[in-house]
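Taking it in order: structure first as structure tokens, then the write-up.
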Amino acid sequence: MKKSTNKIALFRNPILSFLLLTSIVFCLFQISLGGFVRVSGSGLGCPDWPLCYGEIIPPMSYETLIEWGHRTSGVILGTLILISTFFIWIKNRNNYFLIITITTTLITVIVVGMIGGLVVLSELNPMLRTIHLFFAQLVILFLGISLVIVNSQSISITIIKKSLTSKHSIFLIISSLGIIITLLSGSYAVWKGAGTICSSWPLCSSSSILPNNQLELIHMTHRILSLITTIFSFWTCVYILRNLGNIVIKTLSSISILIIFSQILLGASNPWTNFEIWARVSHLGMASLLWTLFIIILSFTLISEIETKTK
């Protein structure tokens with residue numbers, strides 16, 4: 001198969017690239033910090049919203065500091081996205097697809113903040129926490145797409161539609177869907193109280209091959225989804241390394257392979273360490289990082305495909 005060798009400039013617009021990349025980093029940090037809030041039991045460290053104990057800077061205890069820090073990083077993330085939106089509306093007003101994606105990003109991050117408030121006011125409703133995580137992951141999706149569009153010479157909805165049917169894109173879409181479904185299944189397991197039910201790995205327990213109750217079944221379903229997604233995502237990265245010549249895409253695919261193996265070890269380390277906080281937080285953070293990488297790889301691949309076809 002002939003390899004694609006077209007080049008994509010990562011930093012054609014350095015200022016907006018910096019803002020969007022910083023926003024992605026902050027979003028990953030925010031999600032990981034949110035996981036730390038959950039596993040450390042600090043969700044009600046600030047029992048009211050949007051203030052904390054009725055103040056912008058409250059008296060600090062351990063739980064309050066963690067929850068307040070989570071909210072503060074969310075404000076920083078929202079500010080970065082607001083600044084990015086402002087610059088794009090001023091400098092790139094004719095790029096309608098970019099306007100749509102960055103505006104959608106801003107709306108989504110506002111929705112995430114509001115859901116976060118509902119989580120607190122509902123005294124940590126587990127369903128709302130899962131929805132909160134899902135919308136946070138959508139922010140990464142829209143930021144990744146916006147980053148690529150900003151640094152592309154031309155892109156439109158028509159271009160995206162034409163590129164979605166390529167084999168590379170289909171594999172990446174399936175992998176990305178698998179990653180987000182697996183990630184949310186883990187959140188669902190925590191929601192149902194099954195997050196720490198299995199004390200062994202790779203089986204649920206050393207005394208039984210099959211799950212013994214509904215909670216074990218929920219947890220093992222997450223592990224099975226993880227296995228399927230891991231295999232397919234790894235194969236997708238290898239396929240891209242063999243069939244695409246773009247150095248940016250190949251580098252990101254190589255990094256993704258390392259993240260995949262790291263995620264396997266982190267998943268196993270949860271029961272091995274009796275579900276230590278660092279293992280649980282790192283597991284969620286690494287899953288979010290993998291989701292981010294696949295979204296960016298998919299975005300670059302879509303552009304690479306259409307540029308190859310139009311040459």
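Pairs of lysines in the stretch 156-311 whose Cα atoms sit within less than 24 Å of one another amount to 11, provided the residues are eight or more positions apart or on different chains. The local environment of Trp49, defined by Cβ-Cβ distances under 13 Å, has a net charge of -3 under the rule Lys, Arg +1 and Asp, Glu -1. Note on the stretch 156-311: Cα convex hull, mean projected area over all directions, 10.0 nm². Our analysis of the chain gives Rg over Rh at 0.99, with the two radii drawn from alpha carbon positions and Rh computed by the Kirkwood formula.
Taking each DSSP H run with n ≥ 4 as -39500 (n - 2.57) and averaging over every residue of the chain yields -26000 deg cm²/dmol at 222 nm.
Sort the stretch 11-154 into rounded, prolate or oblate with this rule: let a ≥ b ≥ c be the square roots of the eigenvalues of the Cα gyration tensor; rounded if a/c is under 1.5, and if a/c is not under 1.5, prolate when a/b is larger than b/c, oblate otherwise. Note, shape of the stretch 11-154 comes out prolate.
What is the stretch 109-226 by shape, rounded, prolate or oblate, if you read a ≥ b ≥ c off the alpha carbon gyration tensor as root eigenvalues and call it rounded for a/c under 1.5, prolate for a/b larger than b/c, and oblate otherwise? Walk me through the intermediate numbers first.
Numbers: a/c = 3.96, a/b = 1.53, b/c = 2.58.
Taking the square roots of the gyration eigenvalues as a ≥ b ≥ c, the stretch 109-226 is oblate.
Hydrophobic long helices, here whole DSSP H runs in the chain with Kyte-Doolittle means of at least 1.6 and Cα atoms spread over 24 Å or more along the helix axis, are found at 14-39, 96-121, 126-150. Fewest neighbouring Cβ atoms within 10 Å first, the residues Thr273, Thr64 line up as Thr273, Thr64. Across the options Thr229, Tyr239, Ile173, the greatest Cα extent toward the positive end of the charge dipole of the chain (unit charges at beta carbon of Lys, Arg, Asp, Glu) belongs to Tyr239.
Readers should treat all values here as calculations from the given coordinates under stated rules, not as data from a laboratory. Remember, predicted model here, so these are calculated numbers, not experimental data. Reconstructed Cβ throughout: ideal geometry from the backbone, glycine too, with neighbour counts over all protein chains shown.
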